Amino acid sequence: MRIDRWPRAALALALAFSGASAAAETPSAPGPAASADPAKIYQDRCDFCHGGGLAPVILGRALAADAVRTIARSGRGDMPAFAEKDLSEADLAALADWISKSKAPEAGAAK
Ligand code: HEC
């Protein structure tokens, strides 16, 4: 499935929201985050677009982890790039691996 037109106002809102929540939740000192739970990172950083109909579903598609890492670092189309200060290498590696192996979200799952 390919959606060609994104609701830009909604994306902008989601983006603003992501910045706000990142500022609230990210500790100011970058530290090792090896214990971060990829499912929680996905919920916090990706799901409001990718689980909210603003962007393609990325769970359960066996997307290559390398591709997920590259897209998250460089952004694509209306998707923002995640810099290393926002998403550490360790967190991104764990997240990409988790997304690659994830199951499709259940149809009708509560939002
Ligand atoms: C502000 C909304 C937004 C956020 C937040 C976001 N994305 Fe995206 N993402 C998009 C959009 C829009 C696209 C489609 C880009 C295009 O192809 O034009 C996309 C595309 C992708 C793709 C390619 C999907 C495909 O079908 O090939 C991957 C992989 C991806 N995003 C991963 C992530 C990850 C990982 C995160 C969290 C760290 C994330 N995205 C956060 C909006 C977002």
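Please treat every number below as a calculation from the coordinates, not as lab data. All values derive from a computational prediction rather than experimental measurement.
Brief remarks follow.
- Mean separation of Cα contacts under 8 Å, 6 or more apart, over the residue count of region 36-104: relative contact order %: 45 percent
- Length added when fully stretched, Thr70-Ala83, from 0.36 nm per residue minus Cα-Cα: 3.6 nm
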